[in-house]
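Shown next, in structure tokens, is the structure this report addresses.
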Amino acid sequence: MPRATARGSPRSPRLNRDDPGRSRTRKDRERPLLAKRRILCDLLSAQAGVLEHNVSPQVAARHMHAAVDNVAGLAALAEQHLPELGESAPQSTAAMIMAVGAVWTHARPSPAMLAAYEADPSLTAFQLDFTTALQEKPATLIAGTIARASA
């Protein structure tokens, strides 16, 4: 996602809402940002399964308040560029953040899985490329959210 300036407006240019290819253009620009932030992706993938299970209730509450604030900020940015998300922008944004963590985990197979892929190439049908999946999963979430809202 683009970073907000001090006044809260994104640094990236506003997209033409009448351009049907606008989401493709946007995701092509945004995709490399997360792919280059390996530590962030590691943290997102470990957040619920590891980090939240190994902290005090006070730290968990502080973390959740910060997460809610971050999702609200990202949802506001998402809604600027995709107003069709409407009131679903926060839920869609949270789902995309969770999807990034899941995709990161699954796109980095263990040595045992790599050996299994090598031994049985038919298993590679389930092997994910992080960059491709990072492009497809949010697009699917957004399309589904918009379709549900217009139904």
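The values are calculated or read from the model by the stated rules, or taken from the named source; none is laboratory data. Small disclaimer: the values here were computed from a predicted structure and weren't measured. Every residue, glycine among them, receives a Cβ derived from its backbone with ideal geometry; neighbour counts consider all protein chains shown.
Within region 63-79, track down each residue that is in contact with a Leu (Cβ under 9 Å, 6 or more places away or on another chain) and under 20 Å from residue 142 (Cβ atoms).
Scanning region 63-79 gives 75, 78, 79.
List the pairs whose first member sits in region 110-121 and is of a type outside the set (Phe, Trp, Tyr), whose second member is in a helix (DSSP H, G or I), and whose Cβ atoms are under 6 Å apart, counting only residues at least 6 apart or on separate chains?
These pairs meet every condition: 116/123.
Would you be able to say whether some residue in region 56-66 is of a type in the set (Val, Ile, Thr), within 21 Å of residue 34 (Cβ to Cβ) and surrounded by fewer than 18 Cβ atoms within 10 Å (Cβ to Cβ)?
Scanning region 56-66, I find no residue that is of a type in the set (Val, Ile, Thr), within 21 Å of residue 34 (Cβ to Cβ) and surrounded by fewer than 18 Cβ atoms within 10 Å (Cβ to Cβ), so the answer is no.
Please go through region 110-125 and give me each residue that is surrounded by 11 or more Cβ atoms within 10 Å (Cβ to Cβ) and closer than 19 Å to residue 45 by Cα, ordered by number.
Within region 110-125, 113 is the sole residue that qualifies.
Conditions tested, residue by residue: (1) closer than 18 Å to residue 33 by Cβ; (2) of a type in the set (D, E, K, R).
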{"site": "86", "(1), (2)": "no, no"}
{"site": "99", "(1), (2)": "yes, no"}
{"site": "103", "(1), (2)": "yes, no"}
{"site": "107", "(1), (2)": "yes, no"}
{"site": "114", "(1), (2)": "no, no"}
{"site": "120", "(1), (2)": "no, yes"}
{"site": "138", "(1), (2)": "yes, no"}
{"site": "151", "(1), (2)": "no, no"}
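Is it the case that region 50-62 has a residue that's modelled with pLDDT under 95 and within 28 Å of residue 148 (Cα to Cα)?
Checked region 50-62: no residue is modelled with pLDDT under 95 and within 28 Å of residue 148 (Cα to Cα).
Kindly provide the set of residues from region 117-133 that are out of contact with any helix residue (DSSP H, G or I) (no Cβ under 6 Å at 6 or more places or on another chain) and not polar (S, T, N, Q), ordered by number.
The answer is 118, 119, 120, 121, 125, 126, 129.
Quick one: which of 134, 128 is surrounded by 14 or more Cβ atoms within 10 Å (Cβ to Cβ), assigned to a loop (DSSP other than H, G, I, E, B), out of contact with any strand residue (DSSP E or B) (no Cβ under 7 Å at 6 or more places or on another chain) and among the aliphatic types (A, V, I, L, M)? Quick ask: steps written out before the conclusion?
Working: 134 fails: assigned to a loop (DSSP other than H, G, I, E, B).
Just one listed residue meets the conditions, 128.
So which residues in region 43-91 are more than 23 Å from residue 104 (Cβ to Cβ) and of a type in the set (S, T, N, Q)?
Of everything in region 43-91, those that are more than 23 Å from residue 104 (Cβ to Cβ) and of a type in the set (S, T, N, Q) turn out to be 56, 58, 80, 88.
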